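See structure below.
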Amino acid sequence: MIATKTGLVFPGQGSQVVGMGRDLDELYPAAAAIFRAADEILERSLSSIIFNGPEEVLQSTGNTQLAVFVMNHICYSMYAGAGGSFNFCLGHSLGEYNALVAAGVIDFETALRLVDQRSSFMNEQALAHPGKMLAVLGLSDEEVAEVFSRFSGHGVAVIANYNSPGQVVISGDTFAMDEMGELMRAAGAKKVVPLKVSGAFHSPLMAEAERQLIEVLETTEFADAGVPVCSNFTALLSTDGAALRESLHWQMTMPVLWTKSVQTVAAAGAGRFVEAGPGRVLTGLIKRIIPGNVELVNINNVESLQLLVRETEYKDY
(Lines give C-alpha, C1' and ligand atoms only; values in the text may rest on other atoms or scores of the structure.)
Protein backbone atom coordinates (compact mmCIF):
# COMPACT_ATOMS: atom_id res chain seq x y z
CA MET A 1 0.00 0.00 0.00
CA ILE A 2 1.33 3.42 -0.97
CA ALA A 3 1.55 5.86 1.93
CA THR A 4 -0.48 8.98 1.30
CA LYS A 5 -0.01 10.96 4.50
CA THR A 6 1.86 14.28 4.43
CA GLY A 7 4.54 15.64 6.70
CA LEU A 8 4.81 19.43 6.78
CA VAL A 9 8.40 20.50 7.48
CA PHE A 10 9.92 23.87 8.31
CA PRO A 11 13.59 24.90 7.86
CA GLY A 12 15.66 26.64 10.50
CA GLN A 13 18.34 29.28 10.68
CA GLY A 14 20.70 29.17 7.71
CA SER A 15 18.04 29.09 4.98
CA GLN A 16 17.65 32.86 4.91
CA VAL A 17 18.48 35.01 1.89
CA VAL A 18 17.98 38.73 1.27
CA GLY A 19 14.86 39.30 -0.82
CA MET A 20 13.00 36.15 0.19
CA GLY A 21 9.24 36.53 0.19
CA ARG A 22 9.19 39.81 -1.72
CA ASP A 23 7.28 38.25 -4.62
CA LEU A 24 4.69 36.76 -2.25
CA ASP A 25 4.33 40.12 -0.50
CA GLU A 26 3.73 41.90 -3.78
CA LEU A 27 1.20 39.43 -5.22
CA TYR A 28 -0.74 38.05 -2.26
CA PRO A 29 -2.48 40.34 0.25
CA ALA A 30 -2.53 37.52 2.82
CA ALA A 31 1.27 37.28 2.69
CA ALA A 32 1.65 41.07 2.88
CA ALA A 33 -0.65 41.11 5.92
CA ILE A 34 1.61 38.65 7.78
CA PHE A 35 4.71 40.72 7.04
CA ARG A 36 2.92 43.84 8.30
CA ALA A 37 1.62 42.03 11.39
CA ALA A 38 5.14 40.88 12.27
CA ASP A 39 6.43 44.45 11.91
CA GLU A 40 3.70 45.74 14.22
CA ILE A 41 4.22 43.04 16.86
CA LEU A 42 7.99 43.58 16.88
CA GLU A 43 7.61 47.37 16.60
CA ARG A 44 10.28 47.54 13.89
CA SER A 45 10.48 46.90 10.17
CA LEU A 46 11.67 43.30 9.98
CA SER A 47 10.18 43.10 6.48
CA SER A 48 12.52 45.83 5.24
CA ILE A 49 15.54 43.84 6.48
CA ILE A 50 14.19 40.68 4.83
CA PHE A 51 13.58 42.39 1.50
CA ASN A 52 16.54 44.77 1.37
CA GLY A 53 19.20 43.55 3.78
CA PRO A 54 22.02 44.36 3.89
CA GLU A 55 23.07 40.74 4.22
CA GLU A 56 25.21 41.28 7.32
CA VAL A 57 22.18 42.74 9.11
CA LEU A 58 19.92 39.87 8.06
CA GLN A 59 22.57 37.35 9.16
CA SER A 60 22.55 38.69 12.72
CA THR A 61 20.93 36.05 14.95
CA GLY A 62 18.47 38.61 16.30
CA ASN A 63 17.13 39.14 12.77
CA THR A 64 17.77 35.79 11.12
CA GLN A 65 15.59 33.68 13.38
CA LEU A 66 12.69 36.10 13.17
CA ALA A 67 13.04 36.40 9.39
CA VAL A 68 13.05 32.66 8.81
CA PHE A 69 10.17 32.12 11.24
CA VAL A 70 8.02 34.74 9.49
CA MET A 71 8.91 33.48 6.01
CA ASN A 72 8.13 29.90 7.06
CA HIS A 73 4.76 30.98 8.43
CA ILE A 74 3.88 32.83 5.23
CA CYS A 75 4.76 29.80 3.09
CA TYR A 76 2.69 27.57 5.35
CA SER A 77 -0.24 30.01 5.21
CA MET A 78 -0.05 30.14 1.43
CA TYR A 79 0.05 26.33 1.29
CA ALA A 80 -2.95 25.97 3.60
CA GLY A 81 -4.79 28.71 1.73
CA ALA A 82 -4.28 26.84 -1.54
CA GLY A 83 -5.97 23.80 -0.06
CA GLY A 84 -2.87 22.01 1.13
CA SER A 85 -3.29 19.56 3.99
CA PHE A 86 -0.92 17.67 6.29
CA ASN A 87 -0.96 14.91 8.88
CA PHE A 88 2.27 15.61 10.78
CA CYS A 89 4.42 18.66 11.54
CA LEU A 90 8.12 18.93 12.23
CA GLY A 91 10.68 21.69 12.03
CA HIS A 92 14.45 21.84 12.10
CA SER A 93 15.54 23.67 15.28
CA LEU A 94 13.94 27.14 14.93
CA GLY A 95 11.46 25.56 12.50
CA GLU A 96 9.91 23.62 15.37
CA TYR A 97 8.22 26.85 16.46
CA ASN A 98 6.53 27.00 13.05
CA ALA A 99 5.48 23.37 13.42
CA LEU A 100 3.82 24.20 16.73
CA VAL A 101 1.91 27.09 15.14
CA ALA A 102 0.76 24.96 12.20
CA ALA A 103 -0.42 22.26 14.62
CA GLY A 104 -2.40 24.78 16.69
CA VAL A 105 -0.27 24.51 19.84
CA ILE A 106 0.56 28.25 19.97
CA ASP A 107 -0.57 31.14 17.79
CA PHE A 108 1.57 33.21 15.43
CA GLU A 109 2.00 36.19 17.76
CA THR A 110 2.94 34.04 20.75
CA ALA A 111 5.48 32.12 18.69
CA LEU A 112 6.93 35.29 17.17
CA ARG A 113 7.48 36.78 20.63
CA LEU A 114 9.07 33.52 21.82
CA VAL A 115 11.40 33.49 18.82
CA ASP A 116 12.27 37.14 19.47
CA GLN A 117 13.30 36.31 23.03
CA ARG A 118 15.01 33.07 21.99
CA SER A 119 17.12 34.86 19.39
CA SER A 120 18.00 37.64 21.83
CA PHE A 121 19.12 35.16 24.50
CA MET A 122 21.15 33.17 21.98
CA ASN A 123 22.75 36.27 20.51
CA GLU A 124 23.86 37.42 23.98
CA GLN A 125 25.53 34.07 24.60
CA ALA A 126 27.09 34.01 21.13
CA LEU A 127 28.76 37.33 21.94
CA ALA A 128 29.79 36.19 25.41
CA HIS A 129 31.08 32.79 24.25
CA PRO A 130 32.28 33.02 20.62
CA GLY A 131 31.91 29.82 18.65
CA LYS A 132 30.81 28.34 15.37
CA MET A 133 29.15 25.40 13.71
CA LEU A 134 30.57 23.16 10.99
CA ALA A 135 28.74 20.80 8.64
CA VAL A 136 30.71 17.59 8.22
CA LEU A 137 29.92 15.82 4.95
CA GLY A 138 30.85 12.30 3.96
CA LEU A 139 31.35 10.62 7.33
CA SER A 140 28.86 8.33 9.07
CA ASP A 141 27.55 9.11 12.55
CA GLU A 142 29.82 6.38 13.89
CA GLU A 143 32.88 7.78 12.11
CA VAL A 144 32.16 11.26 13.48
CA ALA A 145 31.84 9.82 16.98
CA GLU A 146 35.18 8.05 16.54
CA VAL A 147 36.84 11.34 15.55
CA PHE A 148 35.46 12.91 18.74
CA SER A 149 37.33 10.27 20.71
CA ARG A 150 40.57 11.84 19.42
CA PHE A 151 39.63 15.41 20.41
CA SER A 152 42.14 17.01 22.78
CA GLY A 153 39.38 18.11 25.12
CA HIS A 154 40.52 21.75 25.08
CA GLY A 155 37.31 23.70 24.70
CA VAL A 156 33.72 22.79 23.86
CA ALA A 157 32.96 20.46 20.95
CA VAL A 158 29.72 18.51 20.49
CA ILE A 159 27.51 17.05 17.78
CA ALA A 160 24.74 19.58 17.16
CA ASN A 161 22.66 18.13 14.33
CA TYR A 162 22.17 14.63 12.96
CA ASN A 163 20.91 15.91 9.62
CA SER A 164 21.03 12.89 7.33
CA PRO A 165 23.22 9.87 6.61
CA GLY A 166 26.59 11.39 5.79
CA GLN A 167 25.84 14.85 7.17
CA VAL A 168 26.44 15.81 10.78
CA VAL A 169 26.85 19.31 12.20
CA ILE A 170 29.28 19.95 15.03
CA SER A 171 29.31 22.95 17.35
CA GLY A 172 31.57 24.54 19.92
CA ASP A 173 34.01 27.31 20.70
CA THR A 174 36.21 28.63 17.91
CA PHE A 175 39.44 26.95 19.03
CA ALA A 176 37.81 23.54 19.44
CA MET A 177 36.02 23.78 16.09
CA ASP A 178 39.28 24.61 14.32
CA GLU A 179 40.80 21.44 15.79
CA MET A 180 37.75 19.32 15.06
CA GLY A 181 37.57 20.57 11.49
CA GLU A 182 41.12 19.38 10.85
CA LEU A 183 40.45 16.03 12.52
CA MET A 184 37.32 15.51 10.40
CA ARG A 185 39.23 16.26 7.20
CA ALA A 186 42.01 13.89 8.22
CA ALA A 187 39.40 11.19 8.86
CA GLY A 188 38.14 11.47 5.28
CA ALA A 189 35.33 14.00 5.39
CA LYS A 190 34.48 15.16 1.86
CA LYS A 191 33.76 18.67 3.08
CA VAL A 192 33.79 20.62 6.33
CA VAL A 193 31.61 23.69 5.78
CA PRO A 194 31.13 26.61 8.23
CA LEU A 195 27.44 27.40 8.69
CA LYS A 196 25.93 30.87 8.29
CA VAL A 197 25.24 31.29 12.00
CA SER A 198 26.73 33.60 14.58
CA GLY A 199 27.31 31.20 17.45
CA ALA A 200 27.76 27.67 18.75
CA PHE A 201 24.11 26.68 18.85
CA HIS A 202 22.92 23.32 20.23
CA SER A 203 25.96 23.23 22.50
CA PRO A 204 26.69 23.82 26.20
CA LEU A 205 27.70 27.39 25.29
CA MET A 206 23.96 28.13 25.03
CA ALA A 207 23.20 26.91 28.58
CA GLU A 208 22.41 30.36 29.97
CA ALA A 209 20.20 31.19 26.98
CA GLU A 210 18.37 27.91 27.54
CA ARG A 211 17.82 28.71 31.22
CA GLN A 212 16.38 32.13 30.33
CA LEU A 213 14.09 30.67 27.67
CA ILE A 214 12.79 27.95 30.01
CA GLU A 215 11.56 30.68 32.35
CA VAL A 216 9.62 32.26 29.48
CA LEU A 217 8.25 28.96 28.18
CA GLU A 218 6.94 28.05 31.62
CA THR A 219 4.71 31.13 31.59
CA THR A 220 3.38 30.38 28.08
CA GLU A 221 0.25 28.34 27.50
CA PHE A 222 0.66 25.41 25.10
CA ALA A 223 -2.50 23.72 23.78
CA ASP A 224 -2.64 20.12 22.65
CA ALA A 225 -1.75 19.76 18.97
CA GLY A 226 -4.35 19.21 16.27
CA VAL A 227 -1.93 16.93 14.41
CA PRO A 228 1.12 15.10 15.81
CA VAL A 229 4.34 17.12 16.06
CA CYS A 230 7.74 15.41 15.98
CA SER A 231 10.16 16.84 18.53
CA ASN A 232 13.79 17.67 17.64
CA PHE A 233 14.80 16.56 21.13
CA THR A 234 13.07 13.18 21.31
CA ALA A 235 12.36 12.36 17.63
CA LEU A 236 8.95 11.19 18.85
CA LEU A 237 5.47 12.24 17.73
CA SER A 238 3.21 13.87 20.29
CA THR A 239 0.02 15.90 20.52
CA ASP A 240 0.47 16.68 24.22
CA GLY A 241 1.04 20.41 24.66
CA ALA A 242 2.95 20.05 27.93
CA ALA A 243 5.29 17.47 26.42
CA LEU A 244 5.89 19.62 23.35
CA ARG A 245 6.75 22.59 25.55
CA GLU A 246 9.09 20.39 27.60
CA SER A 247 10.95 19.36 24.43
CA LEU A 248 11.67 23.02 23.68
CA HIS A 249 13.33 23.34 27.08
CA TRP A 250 16.33 21.33 25.92
CA GLN A 251 16.43 22.28 22.26
CA MET A 252 19.16 24.90 22.58
CA THR A 253 21.87 22.72 24.10
CA MET A 254 20.94 19.27 22.80
CA PRO A 255 21.38 17.92 19.25
CA VAL A 256 18.69 18.11 16.58
CA LEU A 257 17.69 14.51 15.81
CA TRP A 258 16.53 15.30 12.29
CA THR A 259 17.35 11.95 10.69
CA LYS A 260 15.40 10.04 13.34
CA SER A 261 12.56 12.58 13.24
CA VAL A 262 12.02 12.15 9.50
CA GLN A 263 12.24 8.37 9.88
CA THR A 264 9.64 8.53 12.66
CA VAL A 265 7.20 10.48 10.48
CA ALA A 266 7.80 8.19 7.50
CA ALA A 267 7.20 5.13 9.68
CA ALA A 268 3.90 6.71 10.76
CA GLY A 269 2.79 6.70 7.13
CA ALA A 270 4.11 9.88 5.50
CA GLY A 271 4.98 9.32 1.87
CA ARG A 272 4.89 13.02 1.02
CA PHE A 273 6.82 15.88 2.58
CA VAL A 274 6.10 19.57 2.03
CA GLU A 275 8.87 22.02 2.93
CA ALA A 276 7.38 25.42 3.74
CA GLY A 277 10.05 28.08 3.92
CA PRO A 278 13.05 29.54 2.12
CA GLY A 279 15.36 27.24 0.20
CA ARG A 280 15.30 23.48 -0.24
CA VAL A 281 17.71 22.34 2.47
CA LEU A 282 15.32 19.95 4.19
CA THR A 283 14.15 18.49 0.89
CA GLY A 284 17.73 17.50 0.11
CA LEU A 285 18.15 15.94 3.55
CA ILE A 286 14.89 13.98 3.29
CA LYS A 287 15.99 12.54 -0.06
CA ARG A 288 19.01 11.05 1.68
CA ILE A 289 17.09 9.93 4.76
CA ILE A 290 14.31 8.18 2.83
CA PRO A 291 15.73 6.99 -0.49
CA GLY A 292 13.18 5.80 -2.99
CA ASN A 293 9.60 6.70 -3.75
CA VAL A 294 8.79 9.74 -1.63
CA GLU A 295 7.01 12.84 -2.94
CA LEU A 296 8.74 16.12 -2.12
CA VAL A 297 7.14 19.55 -2.48
CA ASN A 298 8.60 23.00 -1.80
CA ILE A 299 6.63 26.15 -1.08
CA ASN A 300 9.00 29.12 -1.02
CA ASN A 301 7.92 31.63 -3.68
CA VAL A 302 5.11 32.60 -6.08
CA GLU A 303 6.20 30.11 -8.73
CA SER A 304 6.14 27.12 -6.37
CA LEU A 305 2.78 28.15 -4.94
CA GLN A 306 1.20 28.56 -8.37
CA LEU A 307 2.57 25.18 -9.43
CA LEU A 308 0.94 23.61 -6.38
CA VAL A 309 -2.38 25.24 -7.21
CA ARG A 310 -2.24 23.96 -10.81
CA GLU A 311 -1.41 20.44 -9.62
CA THR A 312 -4.22 20.53 -7.06
CA GLU A 313 -6.72 21.64 -9.70
CA TYR A 314 -5.53 18.88 -12.01
CA LYS A 315 -5.89 16.20 -9.32
CA ASP A 316 -9.34 17.50 -8.38
CA TYR A 317 -10.38 17.38 -12.01
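The values are calculated or read from the model by the stated rules, or taken from the named source; none is laboratory data. All values reported here derive from a predicted model rather than from experimental measurement. Cβ sites come from the backbone with ideal geometry, for glycine too, and all protein chains shown count toward neighbours.
Please go through region 176-194 and give me each residue that is assigned to a loop (DSSP other than H, G, I, E, B) and either touching a Gly at 6+ places or on another chain (Cβ under 6 Å) or closer than 18 Å to L248 by Cα (or both), ordered by number. Passing the criteria: A189, K190.
Yes or no, residue by residue, for (1) assigned by TED's automatic domain parsing to the domain that holds L100; (2) of a type in the set (S, T, N, Q); (3) more than 11 Å from M133 (Cα to Cα):
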{"site": "M184", "(1), (2), (3)": "no, no, yes"}
{"site": "G188", "(1), (2), (3)": "no, no, yes"}
{"site": "E208", "(1), (2), (3)": "yes, no, yes"}
{"site": "Q212", "(1), (2), (3)": "yes, yes, yes"}
{"site": "T219", "(1), (2), (3)": "yes, yes, yes"}
{"site": "V227", "(1), (2), (3)": "yes, no, yes"}
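Within region 1-29, the set of residues being in contact (Cβ under 8 Å) with a residue 40 or more places away in the chain, surrounded by fewer than 20 Cβ atoms within 10 Å (Cβ to Cβ) and of a type in the set (A, V, I, L, M) comprises I2, A3, V17, V18, L27.
Screening region 30-51 for residues that are under 23 Å from L305 (Cα atoms) and polar (S, T, N, Q) and picking the one that is surrounded by the most Cβ atoms within 10 Å (Cβ to Cβ) gives S47. Looking at region 77-175, the strands (runs of 3 or more DSSP E) lying wholly inside it that each contain 2 or more residues that are among the hydroxyl-bearing types (S, T, Y) sit at 157-164. Do you know which residues across region 195-215 are assigned to a helix (DSSP H, G or I) and polar (S, T, N, Q)? Residue satisfying the conditions is Q212 alone. In region 277-284, the count of residues that are touching a helix residue (DSSP H, G or I) at 6+ places or on another chain (Cβ under 6 Å) and of a type in the set (A, V, I, L, M, F, W, C) is zero.
Here's the yes/no breakdown for (1) modelled with pLDDT of 95 or more; (2) touching a strand residue (DSSP E or B) at 6+ places or on another chain (Cβ under 9 Å); (3) under 22 Å from G14 (Cβ atoms):
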residue: G104; (1), (2), (3): yes, no, no
residue: L134; (1), (2), (3): yes, yes, yes
residue: S149; (1), (2), (3): no, no, no
residue: S164; (1), (2), (3): yes, no, yes
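Considering only residues in region 15-71 that are under 13 Å from G277 (Cβ atoms), among the hydrophobic types (A, V, I, L, M, F, W, C) and assigned to a loop (DSSP other than H, G, I, E, B), the one that is modelled with the lowest pLDDT turns out to be V17. Just one of the listed residues (G83, G91, G131, G95) is crowded, with 17+ Cβ neighbours inside 10 Å and either touching a Ser or Thr at 6+ places or on another chain (Cβ under 7 Å) or without any contact (Cβ under 8 Å) to a residue 24 or more places away in the chain (or both), and it is G131.
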